[in-house]
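Each remark here refers to the structure printed beneath this line.
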Amino acid sequence: MFRLFVDSSTGVDVYPEYDFDDSEKKIESRHRTRDGSEFVYKWSEYSVIKMSVMYVNSAFKSQVNEWWSNNTNLLWMETGGTDVTSVRLTNTTKPISKVIKPYYDLFQGKIELGTY
């Protein structure tokens, strides 16, 4: 279980599905000279976290979609852990947008987070 939050009073508990992916990406330039030497310039590094969530209620849906709409700076941590990461929702479309049939009050979606 993870916690996605703005501060201690505003947050949601996230129970990701099995497609949870926490990967690292880097921005770098590689240049090869005439003599075959290679120069690598690393400009930055960032984390990308992707996961599906299912059976979330309307409060969860509203909060996450509001954060996405407002480009809110968020914090991400594993429950019981001490490592807190600064993230933003990086989805190109609304993260939680589908109703789970036959329910009318439970939703599913994909959450994509990126560090900054």
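Does Asp83 satisfy the criteria of being without any contact (Cβ under 8 Å) to a residue 12 or more places away in the chain and under 16 Å from the mean Cα position of the chain (by Cα)? The answer is yes for Asp83. Restricting Glu112, Glu78 to residues that are touching a residue at least 24 places away in the same chain (Cβ under 8 Å), in contact with a Lys or Arg (Cβ under 6 Å, 6 or more places away or on another chain) and not β-branched (Val, Ile, Thr) narrows the list to Glu112.
Look at segment 57-75: where a residue is without any contact (Cβ under 8 Å) to a residue 60 or more places away in the chain and under 16 Å from Ile100 (Cβ atoms) and a partner is acidic (Asp, Glu) and surrounded by fewer than 18 Cβ atoms within 10 Å (Cβ to Cβ), sitting 6+ places away or on another chain with Cβ atoms under 9 Å, you get Asn57/Asp105; Ser58/Asp105; Phe60/Asp13. When the residues of segment 13-42 are narrowed to those that are hydrophobic (A, V, I, L, M, F, W, C) and outside any loop (DSSP other than H, G, I, E, B), which ends up surrounded by the most Cβ atoms within 10 Å (Cβ to Cβ)? Ranking the candidates gives Val14 first.
Pairs meeting the criteria (first residue in segment 24-43 and touching a residue at least 24 places away in the same chain (Cβ under 8 Å) and under 17 Å from Thr115 (Cα atoms), second residue surrounded by 10 or more Cβ atoms within 10 Å (Cβ to Cβ) and polar (S, T, N, Q), beta carbons under 7 Å, at least 6 apart or on different chains) are Glu24/Ser47. Here segment 96-116 is the region considered, the condition is being closer than 18 Å to Ser23 by Cβ and not aliphatic (A, V, I, L, M), and the residue that is farthest from the chain's Cα centre (by Cα) is Tyr116.
All of the numbers you see were taken from the coordinates with simple rules; none came from a lab. Given the structure is predicted, the values throughout are model-derived calculations rather than measurements. For neighbour counting, all protein chains shown are included, and Cβ atoms are generated from backbone atoms with ideal geometry for every residue, glycine included.
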